[in-house]
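Have a look at the structure below, then the notes.
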Amino acid sequence: MYMARGLLLVISGPSGAGKGTICKKLLETNPQIRVSVSATTRKPRTGEVDGVNYFFIEKEKFEDMLELDEFLEYAKVYDNYYGTPKNYVLENLKNGNDVLLEIDIEGALQIKEKFKGGVFIFILPPSMEELRNRIVGRGTETEEDIKKRFGSALDEIKQVIKYDYAVVNDDLTRAKEDVEAIIRAERCKVMRVYEEIQSRF
Ligand code: ADP
Ligand code: 5GP
């Protein structure tokens, strides 16, 4: 797989950096972007809806899907399994839609092996102190889960070197605009449009 017609946007970063918030804002003004809904063995948080936030499934079902090669990538993150269902992504890319994956680093690196045209964006918090404030302030995890997530953050940030772009989420609007600028620039990359140019001239 080399060139897909839509852009495969892969967004990662430590828990609490603001990936979900940026993605939500991005989708409000970019209706051509489709979001891949991941499958997970994690239990739903209050307010999360099956099929919207995630497909919440049991470990046995996850293992069945793995066996049937239904995931584009998968990883164990903070003690639970998460995976990207393959068909949705491939279908949308083929139809010219951009597809957004918000996944962890291990999964992102699996995608990098498979898609030469993927766009890899790392979201950073302005500081570790602010990261802690955001994880705690979100109020969705237990104290133990907060420790786990915050404890992994520094190691995760070291992996930024493997990504194409780093976006610091200090001001939310600016961070969202940075991601939009990346998307615009990626669409102009010669390798993406070369075939089209050749067919016209
Ligand atoms: P992630 O998806 O990376 O785990 P979230 O999007 O859930 O992070 O954001 C974590 C918390 O930080 C949320 O409570 C969110 O409202 C808040 N947040 C996100 N971006 C900003 C920002 N630029 N400034 C202040 N708070 C933010
Ligand atoms: P959360 O439990 O906070 O929703 O997500 C925990 C972590 O799992 C986040 O870093 C998130 O990006 C990652 N994640 C969510 N879906 C997937 C997926 O399909 N694959 C992988 N590899 N990671 C995922």
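The values are calculated or read from the model by the stated rules, or taken from the named source; none is laboratory data. Keep in mind that this is a model prediction, so the values were computed, not measured. Every residue, glycine as well, gets a Cβ built from its backbone with ideal geometry; the counts of neighbours run over all protein chains shown. Quick note on the areas: whole protein, heavy atoms, side chains included, nothing else; ligands and nucleic acids left out. Shrake-Rupley method; radii C 1.70, N 1.55, O 1.52, S 1.80 Å.
Yes or no, residue by residue, for (1) more than 8 Å from ligand 2 (Cβ to nearest atom); (2) in contact with a Gly (Cβ under 8 Å, 6 or more places away or on another chain):
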{"residue": "LYS43", "(1), (2)": "yes, no"}
{"residue": "GLY47", "(1), (2)": "yes, no"}
{"residue": "PHE55", "(1), (2)": "yes, no"}
{"residue": "MET65", "(1), (2)": "yes, yes"}
{"residue": "ALA75", "(1), (2)": "no, yes"}
{"residue": "ASP79", "(1), (2)": "yes, no"}
{"residue": "TYR88", "(1), (2)": "yes, no"}
{"residue": "LEU109", "(1), (2)": "yes, no"}
*Among GLU60, GLU48, which is away from ligand 1 (no atom under 16 Å from the Cβ) and more than 18 Å from ILE111 (Cβ to Cβ)?*
GLU60
*Unique match (being surrounded by 19 or more Cβ atoms within 10 Å (Cβ to Cβ), within 13 Å of ligand 1 (Cβ to nearest atom) and at pLDDT 95 or above) among LEU26, LEU9*: LEU26
*Take the range 100-131 and flag every residue that is open to solvent by 70 Å² or more (accessible area, probe 1.4 Å) and either within 13 Å of the chain's Cα centre (by Cα) or at pLDDT below 95 (or both).*
GLU102, GLU106, LYS112, GLU113, LYS114, LYS116
_Failed item, numbered, when VAL89 is tested on (1) under 28 Å from LEU131 (Cα atoms); (2) touching a residue at least 40 places away in the same chain (Cβ under 8 Å); (3) assigned to a helix (DSSP H, G or I); (4) not charged (D, E, K, R)_ = (1)
*Name the residues in the range 152-172 that are part of a helix (DSSP H, G or I), open to solvent by less than 60 Å² (accessible area, probe 1.4 Å) and not hydroxyl-bearing (Ser, Thr, Tyr), would you?*
ALA153, GLU156, ILE157, GLN159, VAL160, LEU172
*What residue, among those in the range 1-41 that are under 17 Å from the mean Cα position of the chain (by Cα) and of a type in the set (Lys, Arg), is nearest to ligand 2 (Cβ to nearest atom)?*
LYS19
*Residue list for the range 132-170, filter: modelled with pLDDT under 95 and closer than 17 Å to ILE105 by Cα*: LYS148, ARG149, PHE150, GLY151, SER152
*From the residues in the range 75-99 that are crowded, with 18+ Cβ neighbours inside 10 Å, in contact with a Ser or Thr (Cβ under 7 Å, 6 or more places away or on another chain) and not polar (S, T, N, Q), which one is nearest to ILE33 (Cα to Cα)?*
VAL99
